[in-house]
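Here you go, one structure.
No lab work stands behind these numbers, since they all come straight from the coordinates. Since the model is a prediction, treat every value here as computed from it, not as a measurement. A quick note on method: Cβ atoms are made from the backbone with ideal geometry, for glycine too, and the neighbour counts reach across all protein chains shown.
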Ligand code: IPE
Ligand code: IPE
Ligand code: MG
């Protein structure tokens, strides 16, 4: 069945759900977690996989429909070669180990990013996992690997131009949205960054336009369901105005008011 395109938060006011539909996380602080324990940095990456498991479970339990995790940025190649190679091995081992369980849990699995620099065996495993879980609809789990927000926008522009070779102007946000690597999901409602830094680090630059941003000092290996609850509670305390005033929001909450302009936002399962 064809899926409807998702609302662009800058073109239409999206429906706001109590539980964020899409949570996007920069999983930061693994190295510092390990160093605090006098362990090698990579021990923190290993431990971080436990947090990934806990957060997936918690998202399913809470009814979050999309979870996007930043696992490796296009800038992370600048790290020492042995750390990069450890991360690649860890990704491969974890995927191999978890693939059946992910599938049994009804998870739709996707990887976004420029995979051309990855070992063919890893790319192969990713593609097979994606194909296996393509029709699942419980939680869409996206791993951003060798991902960069600028890369994403550039590749989308290129694809958009290739699709419409005759057109010189008049492109819309929807035209670009359709070519972005996350074109199968809504924009993140809630962005979380662990590890204390307050920056986006070239994550989903286009898609975070109207996301609620949440920064915590908790290091990723310490991040668990309780920590996610705190982030969601913070999200729930925000007023998502999308350019409007508080008064307008209160007005639109009244029972006699017209329903929100967009009612197809939840129609994606
Ligand atoms: C995040 O943890 C994991 C990746 C970037 C792969 P870091 O490795 O960046 O941990 P810190 O920031 O050095 O503590
Ligand atoms: C961002 O973390 C990327 C991932 C979590 C995968 P970094 O730790 O690499 O970010 P910067 O470079 O400190 O901003
Ligand atoms: Mg870091």
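Which residues, taken from region 214-226, are within 16 Å of ligand 2 (Cβ to nearest atom) and surrounded by 14 or more Cβ atoms within 10 Å (Cβ to Cβ)?
214, 215, 216, 218, 219, 220, 221, 222, 223
Contact list please: Cβ distance under 8 Å, first residue in region 14-43 and near ligand 3 (Cβ under 10 Å from one of its atoms), second residue part of a strand (DSSP E or B), pairs at least six apart or on different chains.
Sorted first by the residue in region 14-43, then by its partner, the pairs are 26/70; 26/191; 26/192; 26/193; 27/69; 27/70; 27/71; 28/193.
If you don't mind, another one. Which count do you get for residues in region 109-149 that are more than 14 Å from ligand 2 (Cβ to nearest atom) and either in contact (Cβ under 8 Å) with a residue 60 or more places away in the chain or closer than 17 Å to residue 188 by Cα (or both)?
Number satisfying all stated conditions: 7.
Okay, moving on. For residues in region 177-213 being more than 16 Å from ligand 2 (Cβ to nearest atom) and assigned to a strand (DSSP E or B), which is surrounded by the fewest Cβ atoms within 10 Å (Cβ to Cβ)?
Only one residue fits best here, namely 212.
Could you grab me the full set of residues in region 28-46 that are surrounded by 15 or more Cβ atoms within 10 Å (Cβ to Cβ) and under 17 Å from residue 216 (Cβ atoms)?
Result: 28, 29, 30, 31, 32, 33, 44.
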